[in-house]
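Data block below; observations after.
The values are calculated or read from the model by the stated rules, or taken from the named source; none is laboratory data. Note that the structure is a prediction, hence the values are computed from the model and not measured. When we count neighbours, we look across all protein chains shown, and the Cβ atoms used for this are built from the backbone with ideal geometry, even at glycine.
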Amino acid sequence: MKILVLGGDGYLGWPTAMYFSRLGHDVMAVDNFVKRRIEIEEGIEPLEPLLTLHRRIALWEATTGHKIRLAVGDLLNHRMVYDLLEHFTPDAIIHYAEQPSAPYSMESRDKAVFTQHNNVIGTLNLLFAMKRHCPEAHLIKLGTMGEYGTPNIDIEEGYITITHNGRVDTLPFPKQPGSFYHLSKVHDSANILFACRTWGLRATDLNQGVVYGIETDETKLKPGLHTAFHYDAVFGTVLNRFCVQAVAGAPLTVYGSGGQTRGFLNIRDTIQCVDLATQNPADIGECRVYNQLTEVFSVLELTKLVEVAGKKLGIEVRIDHIANPRVEKEEHYYNPKHTKLIDLGLKPHLLSDVLVEQMIGHIQTVRDQINLSTFKPTIKWREK
Ligand SMILES: NC(=O)c1ccc[n+]([C@@H]2O[C@H](COP(=O)([O-])OP(=O)(O)OC[C@H]3O[C@@H](n4cnc5c(N)ncnc54)[C@H](O)[C@@H]3O)[C@@H](O)[C@H]2O)c1
C-alpha cells in the first residue's frame, strides 16, 4: 500500500512510519517540524536528543534496507497538501500532524488560536485535497478520548442510539472536551463526519487514550532510531512523566486528589490499532469511530503501579499532591467501551508487563539527561 504518515517526525508518527516501511509498504512521512519549534519556545526537549528526520530516515535505510520518503511541508499550506495527494496518491493517510498538548492550548489566546487553526484548518485542507485527488483513500485520523470528557454514563464508541419522545436515532456521542486542544479534535471529528456523509470520503476516527511507552520493535533496531519521548508538564503524558520523576528521585506530581480516571495504551498498541484500521478500511461514505485504549486507570492507581515497579529496581517513589492546574472532575464515573479494535484482533500489551524494564529500566540508562525543572505545571486553566 501507499501510506502517508502525517506528523512523521513525532512521538507516534516516526515509529509508525518505520513499522509500515518494514512491512514493505511505500511510506511517505510528512512534517513541518512545528513541534521542534514549540519545544524551543517552551524551553523543553525530549529525554534523549533526536537526530533530524532526514538523518533518522537515512539511518533507517542503512539499517534495514527499507526506504521512507520524506516531504517537508505544512498542512496549513493547502497547495502543498493538494500536490502531495495528487502525486503520491495514497491508499491510506494516517494523520497525526496536530498540536497535541492540552496545556499548551490553554497557555494564552495566541496558543489556543494556533492550536485550533493548525489542527482544524490542517485537517480541512486534507479533506478538500482528498476530495479532489484521492476520494477513495482511507483517512485514519487520531482523535482523543478527551473529546468525550467524563460523562456520568458509559461512553460508547463514537455513536449512541437514543430514544427521544418515542423516536429512535443513532447519533454522535455527546462531546464535553476539557481544553481548547480537545475542542480542536471535536471540531475535526465533526468536519470529517460531514465530509464522509456529504462527499462520500471514508475515514476512521481513532479516539485514542493516553499513550505511554518508549520502545517499539523498530526503535530498538539501532541507537538513533528512538522516538521523541517527553516527560515535561507541557507535552509529557501522565505516566511517562511519573516514570521519569521516579527515576529522578522527584515526587510524582499528582494534580489534586488523583481520582481522575482515563484510558491508556502502550505505544506499540497505537501502532497495532492504526495497522488494524488500515487493514479494515471504512466503507465509502462511512466515518467509523473506535475508542483506542486498552486499560483504564485513575492517576492514584498509576502512582501505586509506579511505586511497586520502582521498588523492584531499588527506587523509592514519593508522591506530591499539588493544586490541580486544570479544571476537571477529580472523582467521577468512567466506563468507556473499547471492544471494536479487540474484535478486529488487537492483542493489548499490558502496562504491568512493560513498566519495570521497558519504561523505568530504560529511563535509568539515560538518567543524567533528565531536566528536573520541567516537571512542575506552570500553565493554569483558570488564573486565580
Ligand atoms: N501522545 C498521546 O498520548 C496522544 C493521545 C491521544 C491522541 N494523540 C494524538 O496523536 C497525534 C500524534 O501525537 P504525538 O504525541 O505523536 O504528537 P507529536 O507532537 O509528537 O507529533 C505530531 C507531529 O506533527 C507535526 N505537525 C503538527 N502540525 C503540523 C502541520 N500543520 N503540518 C505538518 N506537520 C505538523 C509536528 O511537527 C509533530 O512532529 C496527535 O494528533 C495527538 O493529538 C496523542
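Observations on the structure shown:
- When the stretch 166-195 is filtered for residues that are without any contact (Cβ under 8 Å) to a residue 60 or more places away in the chain and of a type in the set (D, E, K, R), the ones remaining, listed by number, are Arg167, Asp169, Lys175.
- The set of residues from the stretch 24-37 being farther than 19 Å from Leu127 by Cα, outside any strand (DSSP E or B) and in contact (Cβ under 8 Å) with a residue 40 or more places away in the chain comprises Gly24, Val34, Lys35.
- Within the stretch 26-46, being surrounded by 19 or more Cβ atoms within 10 Å (Cβ to Cβ) and more than 13 Å from the ligand (Cβ to nearest atom) holds for one residue alone: Val27.
- Complete set of residues in the stretch 118-149 that are near the ligand (Cβ under 9 Å from one of its atoms) and either hydroxyl-bearing (Ser, Thr, Tyr) or in contact with a Ser or Thr (Cβ under 9 Å, 6 or more places away or on another chain) (or both): Asn118, Asn119, Lys141, Leu142, Gly143, Thr144, Gly146
- Given (1) exposed (fewer than 12 other Cβ atoms within 10 Å of the Cβ); (2) free of Cβ contacts under 8 Å to residues at least 12 places away in the same chain, number of the condition Gly345 does not satisfy: (2)
- Residue within the stretch 146-165 that is of a type in the set (Val, Ile, Thr) and touching a helix residue (DSSP H, G or I) at 6+ places or on another chain (Cβ under 7 Å) present: no
- Qualifying helices (runs of 4 or more DSSP H) (wholly inside the stretch 78-197; at least 2 residues being modelled with pLDDT of 95 or more, crowded, with 23+ Cβ neighbours inside 10 Å and not small (Gly, Ala, Ser)): 78-88, 122-133
- Qualifying residue in the stretch 250-258 (condition: β-branched (Val, Ile, Thr) and under 18 Å from the mean Cα position of the chain (by Cα)): no
Residue-by-condition table, conditions (1) more than 19 Å from Pro49 (Cβ to Cβ); (2) free of Cβ contacts under 8 Å to residues at least 24 places away in the same chain; (3) more than 15 Å from the ligand (Cβ to nearest atom):
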{"position": "Leu201", "(1), (2), (3)": "yes, no, yes"}
{"position": "Thr204", "(1), (2), (3)": "yes, no, no"}
{"position": "Tyr212", "(1), (2), (3)": "yes, no, no"}
{"position": "Pro223", "(1), (2), (3)": "no, yes, yes"}
{"position": "His230", "(1), (2), (3)": "no, no, no"}
{"position": "Val234", "(1), (2), (3)": "no, no, no"}
{"position": "Val238", "(1), (2), (3)": "yes, no, no"}
{"position": "Phe242", "(1), (2), (3)": "yes, no, no"}
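- Any hit, the stretch 168-189, residues being touching a Lys or Arg at 6+ places or on another chain (Cβ under 7 Å) and farther than 30 Å from Ile379 by Cα: no
- Residues that are among the acidic types (Asp, Glu) and surrounded by 13 or more Cβ atoms within 10 Å (Cβ to Cβ), drawn from the stretch 355-384: Glu357
- Unmet criterion (only one of (1) touching a strand residue (DSSP E or B) at 6+ places or on another chain (Cβ under 6 Å); (2) of a type in the set (S, T, N, Q); (3) within 12 Å of the ligand (Cβ to nearest atom)) for Ser101: (1)
- Complete set of residues in the stretch 50-67 that are within 15 Å of the ligand (Cβ to nearest atom) and free of Cβ contacts under 8 Å to residues at least 12 places away in the same chain: Thr52
- Residue-level check: of (1) exposed (fewer than 13 other Cβ atoms within 10 Å of the Cβ); (2) touching a residue at least 60 places away in the same chain (Cβ under 8 Å), Ser352 misses just (2).
- Residues in the stretch 214-228 that are surrounded by fewer than 19 Cβ atoms within 10 Å (Cβ to Cβ) and over 13 Å from Gln358 (Cβ atoms): 4 in all.
- Meets criteria (outside any helix (DSSP H, G or I), within 14 Å of the ligand (Cβ to nearest atom), farther than 19 Å from Phe235 by Cβ and of a type outside the set (Gly, Ala, Ser)) for Leu70: yes
- Taken over the stretch 279-296, the residue count meeting the criterion of being within 30 Å of Asp353 (Cβ to Cβ) and surrounded by fewer than 21 Cβ atoms within 10 Å (Cβ to Cβ) is 4.
- Test: residue in the stretch 3-13 that is out of contact with any Leu (no Cβ under 6 Å at 6 or more places or on another chain), within 9 Å of the ligand (Cβ to nearest atom) and assigned to a strand (DSSP E or B): yes
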